[in-house]
1. Being within 21 Å of the chain's Cα centre (by Cα), crowded, with 18+ Cβ neighbours inside 10 Å, in the same structural domain as ARG235 (by TED's automatic domain parsing) and modelled with pLDDT of 95 or more: is that true of GLY70 here?
2. Looking at LYS60, LYS135, which is the one that is without any contact (Cβ under 8 Å) to a residue 40 or more places away in the chain and either out of contact with any Lys or Arg (no Cβ under 8 Å at 6 or more places or on another chain) or of a type in the set (Phe, Trp, Tyr) (or both)?
3. From THR94, THR16, THR102, grab the single residue that is modelled with pLDDT under 95, over 23 Å from ILE255 (Cα atoms) and not aliphatic (A, V, I, L, M).
4. Restricting attention to region 236-256, and to residues there that are hydrophobic (A, V, I, L, M, F, W, C) and loosely packed, with under 15 Cβ neighbours inside 10 Å, which single residue is nearest to PHE85 (Cα to Cα)?
5. Pick out the one residue from GLY192, GLY167 that is under 18 Å from PHE215 (Cα atoms) and loosely packed, with under 15 Cβ neighbours inside 10 Å.
6. Of the conditions (1) on the phi > 0 side of the Ramachandran plot; (2) surrounded by fewer than 18 Cβ atoms within 10 Å (Cβ to Cβ); (3) of a type outside the set (A, V, I, L, M), GLY106 fails just one. Which one is it?
7. Tell me, which residue of region 73-132 that is among the aromatic types (Phe, Trp, Tyr) and part of a loop (DSSP other than H, G, I, E, B) is farthest from the chain's Cα centre (by Cα)?
Amino acid sequence: MYQRRHVIRGILSASTLGAMSLAGARAAISAPERPIVAAAASLRFALSEAADVFARATGKSIRLSFSSSGNLTRQIRQGAPFAMFLSADEDYVTALSHEKFTVDEGALYALGRLALFVPTGSPVSVDAQLSGMKKALQRGEIHRFAIANPDHAPYGRAARDVLLHAGLWNEIQPRLVLGENVSQAAQFAVSGSCEGALIAQSLVMAPGISGRGMFKTIPAGWHKPLRQRMVLLPRAGETARAFYAFLQSEATKEIFARHGFKSPEEG
């Protein structure tokens with residue numbers, strides 16, 4: 001208590017303190033509401049743009065925390081101070097809803113797509129059927145290949161599905177470099193330390209990545225659909241709820257489409 005009063009006296013004058021209760025002083029120095037929105041790493045560019053548009057339109061701002069959907073789910077269960085969660089796999093939201101960690105069952109906001117990305121200078125030729133990748137493996141030209149960790153990253157699981165479908169999983173597995181999330185897997189590929197990567201199309205279309213290699217979208221039928229769902233959490237206040245509504249607007253759907261996502265209606 002002494003430390004708390006000492007901090008307040010350092011900010012407010014003695015006369016002000018005399019006219020205010022301790023509760024009033026706390027309210028006077030509290031920061032404006034800036035809810036923390038937890039989001040899948042595949043949303044790094046699309047959601048950042050949407051948050052900027054929202055801030056300009058409303059004067060309200062949010063904080064974004066990106067990681068793999070699995071890790072964010074674990075943090076929510078452990079009491080992380082998030083107001084909202086955007087997952088790359090709706091199963092995480094469904095599980096949290098059943099466990100009473102959410103306000104409701106949430107809403108589907110996008111359908112993700114997976115892409116093969118090959119950095120400039122790689123010996124791998126790019127095609128949606130992965131035939132160029134198969135030939136590069138046969139020639140011994142792939143030493144490192146990046147995907148997100150399938151254990152907790154939805155795009156990592158989709159990448160594993162694709163490699164299994166193409167009959168490449170057993171051969172490529174010893175060469176895999178696992179990103180903690182799909183954004184880190186993209187960084188591995190862009191750095192030139194890997195000959196290629198299977199990552200979110202929303203990342204390979206970003207300005208800092210698209211000009212540093214080539215990509216092809218993987219057929220949707222090669223992996224489990226990336227149905228991305230968002231949900232409000234119990235600590236959500238006015239700003240978080242307004243942002244949640246904004247993310248369901250036509251303006252946001254256009255932003256997401258430009259970043260490589262499909263709208264839920266297209267699925």
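The values are calculated or read from the model by the stated rules, or taken from the named source; none is laboratory data. Please read all numbers here as calculations on a predicted model, not as lab measurements. Here the Cβ is made from the backbone with ideal geometry for all residues, glycine too, and neighbour counts use every protein chain on show.
1. Details: within 21 Å of the chain's Cα centre (by Cα): yes; crowded, with 18+ Cβ neighbours inside 10 Å: yes; in the same structural domain as ARG235 (by TED's automatic domain parsing): yes; modelled with pLDDT of 95 or more: yes.
Here the answer is yes, as GLY70 does meet what is asked.
2. Among LYS60, LYS135, only LYS135 is without any contact (Cβ under 8 Å) to a residue 40 or more places away in the chain and either out of contact with any Lys or Arg (no Cβ under 8 Å at 6 or more places or on another chain) or of a type in the set (Phe, Trp, Tyr) (or both).
3. THR16
4. ALA245
5. GLY192
6. Checking GLY106 against (1) on the phi > 0 side of the Ramachandran plot; (2) surrounded by fewer than 18 Cβ atoms within 10 Å (Cβ to Cβ); (3) of a type outside the set (A, V, I, L, M), the one that fails is (2).
7. If we take residues in region 73-132 being among the aromatic types (Phe, Trp, Tyr) and part of a loop (DSSP other than H, G, I, E, B), then PHE101 is farthest from the chain's Cα centre (by Cα).
Residue by residue, here is whether (1) touching a helix residue (DSSP H, G or I) at 6+ places or on another chain (Cβ under 7 Å); (2) modelled with pLDDT under 95; (3) assigned by TED's automatic domain parsing to the domain that holds LEU232 holds:
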residue	(1), (2), (3)
SER21	no, yes, no
ARG26	no, yes, no
ALA38	yes, no, yes
SER42	yes, no, yes
SER48	no, no, yes
ALA51	no, no, yes
ALA55	no, no, yes
LYS60	yes, no, yes
ARG63	no, no, yes
